[in-house]
Structures are given as structure tokens and as C-alpha cells.
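> One structure, as C-alpha cells, below. Some questions next.
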Amino acid sequence: MNNQADEAFAKGIFLEKKAEFEKAKAVYADMLKYVTDEDILKKASSRMEDMDDLIAERQLYERIDENAKQVLTETGMNIAGTLTIMDILLEADAVDFDKETAPLIPLKRDYIDHCLEQTPRRISADPGLNTFGTGSTSPFLKRAGDEELRPANREEYGKIIRAVDDNQDVLGIFSLPVACDRSISLIEAAKLMEKNYQGIKMIPTNTMSDAEVAFFKDKENWIDGTSLISTLTPMNNMVEPFMRSALAGNNLLLIDQSIAGVSGAASPESFLTQIHAQVLFMIVIAQTLNPGVTCIHCGIPSLAEAGGNLSYSSPCQTLINAALARVNTWITGLPSAQTGGSTSLTELTTQAVADSELSRNALRKYGVHIVRHAMGALGSLNFFSIEKFIEDCERERNSKKIFKTVSKDAGVIPMYFPADDQALAGINEIVEKSSPKNTDHTLKNVDSFRQWEGVVRQAAKRKTYYPELNDIIIDRIRSDA
């Protein structure tokens, strides 16, 4: 009988990992009726406690996905002045002229669905879930004892490459970590990356020549980082590079760097809905230009501190990126890359390294796909430090070792993602007033992220899932005690 009970519990956990929480709930409900073993009953009861919260959370992510498509079909994108994009969509018969009340240029729903159906759900060199690596192309290299702000030179980039080579066991993605000065070009940096790192690599190509972009063609382990949209409007300087990368057939990392309340909506749900809509629009354009091209959803939602700097030490920065990862891993099935595992601190200190470790651990517990900016970054991505990169890799090596040994009976951890029934209205108000900063929706949601963090903290006090591995939420609870 115990074998059957163990198998039933394992089935419930398996269904949770697939985000099939209704089915998992049914399994646990049956177990509570018929299983007699006290230990197994206790485990099933513990999982049953979370099912309604996880079911509700999944429903919110489904709503985000649906509402993002509604942004494209009912609100539209501000592309009337971008003739190249307009011509592409008009030729594809993608514009919905029947939506006369749409404030911007709306797309046909069946065309959006057609483009999404063509988008691959796997990348050839997929590094797997909970993959952490470098990224952000920080403008400055942090040098011990040197306060001058400048990018990396050829010799320093060689040191970075050697450090990466020494830590390939924990570095899941090698994304260009810091800007280079004139002593080394981007394509030269890419060739060094190609020679010394075997895993998946990412570099932006928007400033490269056509011949240099061709270097990445048909290379499964390379990703071309590109972007197109900000605040529902194309960035004019990115239109041609975006089109070139899509037409070249490169694996595309579609980056959205919106900041809540600054370039994006202010509530968690409205914010993710806007980001998701903007990335979906990029997918539509990419698939129109080159059907079947690989597109990685790289919405990297960010929060700003009172002074305007990004807030990478905030638990909410980790939470919102984990939530967007779930939109993709649970709902869309699209390859997904977010941001996290960094710090707001500008100096290499014990706390800076701890900030990064605790964020990575929380992301690992919630479950993510690919996370960039997680190794070596300082000052909310303004600096890259080789010394911190090495420290981060050592901490990550230890965390992975611990996580492999912990019990997986904990199942999926609820994030208590907060609902906002005015999410779409908030996005429409941004269109009306041309900026999130001036909207009533933003003012009403000033504390929404802090309130969400409070709910998560209270839940973590009641129930701890992986106590062997400290994370950014548990650490804040201990600090408050």
C-alpha cells in the first residue's frame, strides 16, 4: 500500500512541475481519503495546502497572456510613424482596420496566433531550467583600486575569457558581460567567446556590419540580442538592426527593458501584461520577416529606487522576474530569459556577493529558465567585476550542490502574484497620457510591489520549502526578526 501511496505522491509532484495544478489537487485529494501512512499523509496534506493558491496564480498568468494579446488587438502599437514596420504588417494583411476605436494600430488576432504557432518552443542548444550566467554588457569594468570609469580593453577581455573558461561547470550562458574599448571589436570579442566557451552565448549585433552578423548564421549556440519596442513604440535606431537579425535567421533574444512606473505600468500584473505584449509584438514582426525563426522571450522587468537607479537588491526585482518566467514556462511554452542574481551595491563586498547569491537561490526555488546578469555584475548592472564573477561562480557551485541534495517533496512554491482587474485600463491610460509617470493607475499602485513582497514574506514565515538554502526572502525575514 505504501508503494502505491508513494507513487501517487510522486505523480502529484510531477503534475505540479508541469503546472497542472488542478490534476495535482485531485491526486492529493484522493490520497487524503484513502492513504493511511501518517508520513505520506502529512506530505500530501502539505501540498494540498498550496493547490488553490497555485491554481489562482496560474489563472492570473493565463490572463496576462490573453490580455497581452488584447493589447495588440484592441489598443495596438504606436507604429503609424514607423513606415518600415507599417509596410511589413500591411503587406502581411496583419493590421485590423475594423477596430476603428483603437487608439493605436491594432493587429488581427488570427494573425498573432498564426505567428505564435510558427515560433519554436525549444532552442537547439537549450541549457535547461535554472540556468544562470553573465550579461547586460555593463558599460564599465570594475577594477580594484582604480576609480576611473572605462570599458574593458583587449587584455582585460582576455582575463574575462579565462575566468569564464575556468567556471564553465556553473556558467550556463555567456552573455557579453561588459563593453569593450576600441582595442577590441565586438566581433573579435565574439570570436574569443566562441573559441573558449562551449555553451550558449549571446552578443548584441546592432552595431556590427552585415558581414560580421553573418558570422552567427546557423550557429545553434549563439543568440543575437536585439530589441524593437519601448512604451508601445518602436525605437527608431533599432528597426533596421532588428530586421537584419531576423532576416539573417539568427536565434533572437527579444529584449524588453521596461521599468515599472517609468516606461511600464506600475502594478505587477499590468507591468507584465505590457512587457509581454511588447515581446509578442517583436515575435510577430520576426515571424513575419522569417517564419520559424527562433525567438527567446527576454522580458526583463525592472524596478527603480527613489533616486531613479535600478533596484537589483530588492526582493521585488527577483519576484517579478520569476513571475514572468512562469508566464512562459507555465503558459506560453516560449523559451524565456530574465534578469536577476545581481545587486545594487557598487563595490565588491560580502553583502554584494550575498545579494546575488540570495537572488539566484530564490529564482532557483521558484523555477526559471535562463537568467542573465547573475554573475559578476555590480551597481544594478553598471559595472562588471572579474573578482565578483569568480566569487559568484563559487557561491553558485555550492548552491547547486546543496539544491541537488534537498528533498523535492516540497513541490512548487506559490508566489501569491497580485491580481489587478484594472491592468488593461492602466495600459490604455499610458497610451492616453503618453507616459506611465502621469497616470492615475501609477499613483494608485505606488506600493503594489511592496505589498506583494509583504504577502510573500508572511507566507514564508508560515511555511519554509527549502530551509537548507538561504534566499532573498528568508534572509529579509531573519533580518527583521
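Each reported figure results from applying straightforward, stated rules to the coordinates on display, with no laboratory input. Being a predicted model, the structure only gives us computed values, none of them experimental. Reconstructed Cβ throughout: ideal geometry from the backbone, glycine too, with neighbour counts over all protein chains shown.
> Taking the highest mean first, how do the peptides 55-63, 338-346 order by number of other beta carbon atoms within 10 angstrom per residue?
338-346, 55-63
> What do the square roots of 5 times the Cα gyration tensor eigenvalues come to for the chain, in whole Å, largest first, as semi-axes of the equivalent ellipsoid?
Semi-axes (√(5λ), whole Å): 34, 30, 22.
> Regarding segment 244-390, what's the average projected area of the Cα-atom convex hull, expressed in nm²?
Reported value for the Cα convex hull: 9.1 nm².
> Which of VAL239, VAL368 comes first, and how do the rest follow, when ranked by fewest Cβ neighbours within 10 Å?
VAL239, VAL368
> Given the options ALA56, ALA246, GLN458, identify the residue whose Cα lies farthest towards the positive end of the charge dipole of the chain (+1 on Cβ of Lys, Arg; -1 on Cβ of Asp, Glu).
In the chain, that residue is GLN458.
> Still on this structure: Applying 1/(1 + (r/R0)^6) with R0 = 41 Å to the Cβ-Cβ distance of ASN196 and ALA56, what FRET efficiency is obtained, to the nearest 0.05?
0.35
> May I ask you to compute the full-extension gain from ASP126 to GLU38, defined as 0.36 nm times their residue separation minus their alpha-carbon distance, rounded to one decimal in nm?
27.6 nm
> Show me the ranking of peptides 442-454, 282-294, 316-328 by mean Cβ neighbours inside 10 Å, starting with the highest.
316-328, 282-294, 442-454
> Only four residue types carry charge here, +1 at the Cβ of Lys and Arg and -1 at the Cβ of Asp and Glu. Report the dipole size of the chain about the Cα centre in Debye, rounded to the nearest 20.
940 debye
> LYS404: which lysines have alpha carbons under 17 Å from its alpha carbon, excluding same-chain residues fewer than 8 sequence positions away?
LYS17, LYS365
> Calculate for the chain the 222 nm mean residue ellipticity that helices alone would give, adding -39,500 (n - 2.57) per DSSP H run of length 4 or more and normalising by residue count, nearest 500 deg cm²/dmol.
-15500 deg cm²/dmol
> Let me ask another. Which whole-Hz couplings ³J(HN,Hα) result when phi for each residue of segment 280-297 is put into the Karplus expression 6.51 cos²θ - 1.76 cosθ + 1.60, θ = phi - 60°, listed in order with x for Gly and Pro?
4, 4, 4, 4, 4, 5, 4, 6, 5, 6, 8, x, x, 5, 6, 10, 9, 6
> What chymotrypsin sites (Phe, Trp or Tyr not before Pro) does segment 193-258 have in DSSP loop regions with at most 11 other beta carbons within 10 Å?
Answer by residue number: there is no such site.
> Averaging sequence separations of C-alpha pairs under 8 Å and six or more residues apart, then dividing by the length of segment 2-75, give the relative contact order as a whole percent.
27 percent
> Each residue of segment 161-176 in order: what ³J(HN,Hα) in whole Hz does its phi give by Karplus 6.51 cos²θ - 1.76 cosθ + 1.60, θ = phi - 60°, with x for Gly and Pro?
Here the 3J(HN,Hα) series is 4, 5, 5, 5, 4, 6, 10, 5, 5, 10, 8, x, 8, 9, 9, 2 Hz.
> Which distance in nm do the two modelled labels at ALA26 and LYS404 give, with both placed 7 Å along the Cα-to-Cβ direction?
3.7 nm
> Alpha carbons only, please: Rg and Dmax for segment 203-306, in angstrom.
14.1, 44
> Where the eigenvalues come from the Cα gyration tensor of segment 2-75, what are the semi-axes √(5λ) of the equivalent ellipsoid, largest first, in whole Å?
Semi-axes (√(5λ), whole Å): 34, 10, 7.
> Which parts of segment 428-446 would a label at SER230 reach, counting a residue when its backbone N lies under 15 Å from a point 7 Å out along Cα-to-Cβ?
435-437
> Still on this structure, I have one more. Work out how much length ASP146 to GLU66 would gain on full extension: take 0.36 nm times their residue separation and subtract the Cα-Cα distance, in nm to one decimal.
Value of the extension gain: 23.8 nm.
> Kindly rank 123-134, 185-196 from highest to lowest mean number of other beta carbons found within 10 Å of each residue.
123-134, 185-196
> Which whole-number percent is the relative contact order of the chain (Cα, under 8 Å, 6+ apart)?
17 percent
> Stretched out fully, how many nm does the piece from LYS217 to ALA425 gain, at 0.36 nm a residue minus the Cα gap?
Between LYS217 and ALA425, full extension yields an extra 70.7 nm.
> Once phi is turned into θ = phi - 60°, what whole-Hz ³J(HN,Hα) does the Karplus curve with 6.51, -1.76 and 1.60 give for every residue of segment 388-398, x standing for Gly and Pro?
5, 4, 5, 4, 4, 5, 5, 5, 5, 4, 5
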